[in-house]
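Heads up: the structure comes next, in C-alpha cells.
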Amino acid sequence: MSLKIIPKDAMAAFVGSLLGAYRVIGPLQKEAKFVFGPLESPDELRLDYDTSILPPKKYVLPQHETLFEFDASSFETKAVIDDQPTVILGVHTCDLHAMQLLDAVFQKTHLDQHYMARRENTILVGIECLDPCDDHSFCKSMGTLTPPTGGYDLHLTDMGDSFAVDVETEKGAWLIVHHAQARDAGDDDYARINAVMSEKWPRFPYKLDFDIGELPALMSVSQKSPLWQQLGDICLACGSCTNVCPTCYCFDVSDKVDLSLTKGHRERHWDSCQLDEFALVAGGHNFRPSRAARQRHRFFRKGKYQTDAYGLLGCVGCGRCARACLVDITPVKTFNELYRQRTGGPRN
Amino acid sequence: MNTIYLPEPARILSIEPMTALEKLFTLELAKGQSLGHQPGQFVEVSVLGVGEAPISISSSPSRSNGTFELCVRRAGDLTGVIHQKEVGDQLGIRGPYGRGFPLEKFRGKDILFAPGGLGLAPARSVINQVLDDRGRYGRVTILYGARNPSELLFKDELKEWEERDDVELRVTVDRPDDEWTGNVGVITTLFSKASVYPRNTVAITIGPPIMYRFVLMELLGKGIPEASIWLSLERRMKCGVGKCGHCQINDLYACQSGPVFSYAEIKAVEGAL
C-alpha cells in the first residue's frame, strides 16, 4: 500500500482520462437521490453522495444478464461473457465488504465465469465515508466503516482541497500512474488524514446493542423466536429488501425466444427469497410458504449462514433494506430485539 | 467459452411411456462420453427456449453402457414439452450434480428401500446398483407404495425383483382398482411385514414430504440408527451449482450437500423435513 495525493482541481482530469479508457461507473444524482450509473463527463460524479438506491453490485451482477445465446433448431449455444474494462468510482466501504462476499460466493466450488469476467475487469475505487448516510446505516456496528483488506484497488479520502488515495493493488497503481496527476503523500498529508479519520469516527453511532462477533451465535439460538411470526404478520412479501441489498445474489433463470421461435437466449435475473414462489417445486409443494419463515430465512442468511459458509459478513450495515421497507422491518431493530429476548435487555 | 451454465446436448435414444404422467427417457450425451454419475445424483435438463429443471437420474451407473435414463413426470411447462419430444430429438444436460448415496458405507448391511410414488425413479438407480453388486450387501427389501395401480412405475422391473430369491419386494397402493390383488394402504402398512434386522439395516427412503414424516416414524420406531436412514430431499435446484439460493434449507444447499442426506444430518435442521 502507498498513499498518494490528488488535488481536487486535478480530479476532473483524472476522471476524464479514465473515461477515455474505461467504462466509468460512479454515483450520480437522480432527482433527490443518488444512483450508480455510467458517467458521461467528470462533472456528473457525486463523490459526496449519501447512499445509492441500488448498490454498485448491479455492475458485476446485473438485474438481467444473458448467460448464453442459442439456436434451438441446431442446438448451438454460445456463452455471453461481459469483460468490458470498467472502473467503479466512489464505492462506500459497506459496499466494498459486500463485494468481497459476492467474490467468495461466485468463486466457490463452481466458478461462475460470468461474474468473474466482470469482476476481474472491474477496478474498484472506494471512498471513505466521513459522515453517516442517515439514521438507518449501522456500518460501525457491523465493522464495515473501514474498507476490507484486499477488497479495493484504490480508496479515496476527502481531505478538503485534495483526495488522499490509498493504493492497494497493482491495478490501482496502474490507474494512478497512467491517468492521475498524483504526488506522494508527505508528513503533512499523513497528519491531515490522521486528523480526518479521528474526527469522523465519533460521528458514527453504534446501533447494535451487542458486539457483531456475537451475531452468528445469537442467531443460532433465535430459530424459534416469536419475532419471526411478528415480522411475518406485517411483511408485505414485496421483495424490496432483497432487491436493494448489496449482499443478496439469489437469481432465477429463464429463456427468451425471438421472433424466429428457434433463436433466443437464456438469462438470469435477480430473484427474492421473500417472494411466495421462491421455494415452490413442480409438484406444488412450497418449502417456505409463510412470510414468517421467509423473513427468518433472510435474517439467518444475513446474520449467520454466510458467515458460517464464507467467513464473511452477510449484512454490511448499509441500511438500504430498512430505507426500502414499507412496514419498517429493519435489521437493527430485528437483531436488537433478538438480543433483548435472549438477555433481557441491551448492554449499557 | 465453456461455462457452468451451458447445457450439453444429449440425444433421446428411446422413450417408454410408464403411466399417464410419466415417461422414461434413455439418453446419450452427444459427445459420446459417459455421464459418470452416482446413484442419487441429479441433472439439470433443458429444452432451449423453454427452460431448465432438475431431474433425478433413474438408471444405475452399473448399467450405464454410455447411456442414462430419466423418468420425467409431466408437471409443468418444461416437462410438458419434454413429453412431446421424440426419439432422436435432443435435450440439454448439465451435471451430474449433488451428493449421491454413499454406497461404500452400506456394504455388509441389510438394505431396506422404501420409495413412494415418483420416489422410485431415483431409488431405482441405487436399487439396481445394489442388485448388480448383490454379494456386497445383506438382505435386500423393497417396500414400494403408490396411490393406485395405474401409477406404479417400472412394472417390468417390479416383476423381476419379485421373482428374485434374494430380494423381498412388497408393493402397496392407497386406492386399489378391481383387478388389484395386492396390499392396500399407505406405505407404512408394509413395515410390519418386512423381515429385517433393524440394527444392521440401512434404510433408503425417497418420496414426497408428507411421506417422510410417517416413514421416519416407522424406521426410527424399529431402532434403525439415525445415521443409517438415508433420504433424498426435493427442492427447487435452479442452478445446481450452489449459487441461485432456491434449494437452500437453512444453511444447506440441497444441490451441494444433498439432495441425499442421512436423517442424522438433517434431523435438527428446521424446515428440512
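The values are calculated or read from the model by the stated rules, or taken from the named source; none is laboratory data. In this text the structure is predicted, and so the values were computed from the model without any measurement. Heads up, the Cβs are rebuilt from the backbone with ideal geometry, glycines too, and the neighbour counts pull from every protein chain shown.
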Requested in this report: Pick out the one residue from A:L208, A:L215 that is within 23 Å of A:L130 (Cα to Cα) and among the hydrophobic types (A, V, I, L, M, F, W, C).
Outcome: A:L208
Query raised in the report: Can you name the condition, by its number, that B:V184 falls short on among (1) in contact (Cβ under 8 Å) with a residue 24 or more places away in the chain; (2) in contact with a Pro (Cβ under 7 Å, 6 or more places away or on another chain); (3) surrounded by fewer than 15 Cβ atoms within 10 Å (Cβ to Cβ); (4) hydrophobic (A, V, I, L, M, F, W, C)?
Result: (1)
Report task. Look through A:Q107, A:Q63, A:Q29, A:Q100 and report the one residue that is in contact with a Pro (Cβ under 8 Å, 6 or more places away or on another chain) and either touching a residue at least 40 places away in the same chain (Cβ under 8 Å) or within 27 Å of A:L145 (Cα to Cα) (or both). Result -> A:Q100
Query raised in the report: B:E86 fails exactly one of the following numbered conditions: (1) within 25 Å of B:S150 (Cα to Cα); (2) exposed (fewer than 15 other Cβ atoms within 10 Å of the Cβ); (3) touching a residue at least 12 places away in the same chain (Cβ under 8 Å); (4) in contact with a Lys or Arg (Cβ under 9 Å, 6 or more places away or on another chain). What is the number of that condition?
Result: (4)
Query raised in the report: Consider B:P208 against the criteria (1) within 16 Å of the chain's Cα centre (by Cα); (2) under 30 Å from A:V281 (Cα atoms); (3) at pLDDT 95 or above: it satisfies all of them except one. Which criterion is unmet?
Result: (3)
Query raised in the report: For A:D43, are the conditions met, namely being more than 30 Å from A:K8 (Cβ to Cβ) and either more than 21 Å from the chain's Cα centre (by Cα) or buried (at least 18 other Cβ atoms within 10 Å of the Cβ) (or both)?
Result: no
Query raised in the report: Filtering segment B:233-263 down to residues that are over 14 Å from B:Y97 (Cα atoms) and small (G, A, S), which residue is nearest to the other protein chains (Cβ to nearest Cβ)?
Result: B:G245
Report summary line: Of the residues in segment B:1-34, those that are more than 19 Å from the chain's Cα centre (by Cα) and closer than 25 Å to A:K78 by Cα number 19
Requested in this report: List every residue pair whose Cβ atoms lie under 6 Å apart, where the two residues are 6 or more positions apart in sequence or sit on different chains, the first residue falls within segment A:217-234 and is closer than 28 Å to A:G311 by Cα, and the second residue, located anywhere, is part of a loop (DSSP other than H, G, I, E, B).
Outcome: A:Q223/B:E270; A:L231/A:I329
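Name the residues in segment A:36-95 that are of a type in the set (A, V, I, L, M) and touching a Ser or Thr at 6+ places or on another chain (Cβ under 9 Å), would you?
Once the filter is applied, which keeps residues that are of a type in the set (A, V, I, L, M) and touching a Ser or Thr at 6+ places or on another chain (Cβ under 9 Å), segment A:36-95 yields A:V60, A:L67, A:A72, A:A79, A:V80, A:I81, A:V87, A:I88.
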Query raised in the report: B:A146: buried (at least 18 other Cβ atoms within 10 Å of the Cβ) and touching a Ser or Thr at 6+ places or on another chain (Cβ under 7 Å), yes or no?
Result: no
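What number of residues in segment B:29-48 are farther than 24 Å from B:E234 by Cα and either touching a His at 6+ places or on another chain (Cβ under 9 Å) or within 14 Å of chain A (Cβ to nearest Cβ) (or both)? Working first, answer last.
Kept after step one, since they are farther than 24 Å from B:E234 by Cα, are these residues of segment B:29-48: B:29-34.
Okay, now just the ones that are also either touching a His at 6+ places or on another chain (Cβ under 9 Å) or within 14 Å of chain A (Cβ to nearest Cβ) (or both), so B:29-31.
So the answer is 3.
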**Report entry** Members of segment A:7-36 that are among the hydrophobic types (A, V, I, L, M, F, W, C) and part of a loop (DSSP other than H, G, I, E, B)
**Finding:** A:A21, A:A32
Query raised in the report: Does segment A:246-259 contain any residue that is more than 26 Å from B:L233 (Cβ to Cβ) and surrounded by 22 or more Cβ atoms within 10 Å (Cβ to Cβ)?
Result: yes
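Can you list the helices (runs of 4 or more DSSP H) lying wholly within segment A:185-266 that have 1 or more residues being more than 14 Å from chain B (Cβ to nearest Cβ) and touching a Gly at 6+ places or on another chain (Cβ under 6 Å)?
Details: elements: A:187-200, A:215-220, A:227-234, A:240-243.
Because the criterion is at least 1 residues that are more than 14 Å from chain B (Cβ to nearest Cβ) and touching a Gly at 6+ places or on another chain (Cβ under 6 Å), the helices (runs of 4 or more DSSP H) in segment A:185-266 that meet it are A:215-220.
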**Report entry** Matching residues in segment A:234-267 - criterion: being out of contact with any Lys or Arg (no Cβ under 9 Å at 6 or more places or on another chain) and more than 25 Å from A:S290 (Cβ to Cβ)
**Finding:** A:D258, A:L259, A:S260, A:L261, A:T262, A:K263
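This table checks each residue for (1) modelled with pLDDT under 95; (2) of a type outside the set (S, T, N, Q); (3) surrounded by 24 or more Cβ atoms within 10 Å (Cβ to Cβ); (4) not assigned by TED's automatic domain parsing to the domain that holds B:Y144.
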residue	(1), (2), (3), (4)
B:L70	no, yes, no, yes
B:L120	no, yes, yes, no
B:S125	no, no, yes, no
B:D132	no, yes, no, no
Query - Among (1) outside the structural domain of A:I53 (by TED's automatic domain parsing); (2) farther than 23 Å from A:L102 by Cβ; (3) at pLDDT 95 or above, the one test that A:C250 misses - result: (2)
Report task. Could you tell me whether A:D209 is more than 17 Å from A:L3 (Cβ to Cβ), surrounded by fewer than 21 Cβ atoms within 10 Å (Cβ to Cβ) and charged (D, E, K, R)? Result -> yes
Query raised in the report: Taking segment B:157-177, which residues are within 17 Å of the chain's Cα centre (by Cα) and of a type in the set (D, E, K, R)?
Result: B:E157
Query raised in the report: Restricting the search to segment B:264-273, which residues are within 14 Å of chain A (Cβ to nearest Cβ), in contact (Cβ under 8 Å) with a residue 12 or more places away in the chain and among the aliphatic types (A, V, I, L, M)?
Result: B:I266, B:V269, B:A272, B:L273
Query raised in the report: Within segment B:35-66, can you find the residues that are among the polar types (S, T, N, Q) and more than 13 Å from the chain's Cα centre (by Cα)?
Result: B:S46, B:S62, B:S64, B:N65
Query raised in the report: Name the residues in segment A:278-296 that are assigned to a loop (DSSP other than H, G, I, E, B) and within 9 Å of chain B (Cβ to nearest Cβ), would you?
Result: A:F278, A:A279, A:V281, A:A282, A:G283, A:G284, A:H285, A:F287, A:R288
Query raised in the report: Of the residues that make up segment A:310-319, is at least one closer than 19 Å to B:L252 by Cα and surrounded by fewer than 18 Cβ atoms within 10 Å (Cβ to Cβ)?
Result: yes
Query raised in the report: Of these, B:I229, B:I210, which one is assigned by TED's automatic domain parsing to the domain that holds B:K109 and either under 23 Å from B:V130 (Cβ atoms) or crowded, with 20+ Cβ neighbours inside 10 Å (or both)?
Result: B:I229
Report summary line: Residues in segment A:235-254 that are without any contact (Cβ under 8 Å) to a residue 40 or more places away in the chain and more than 22 Å from the chain's Cα centre (by Cα) total 1
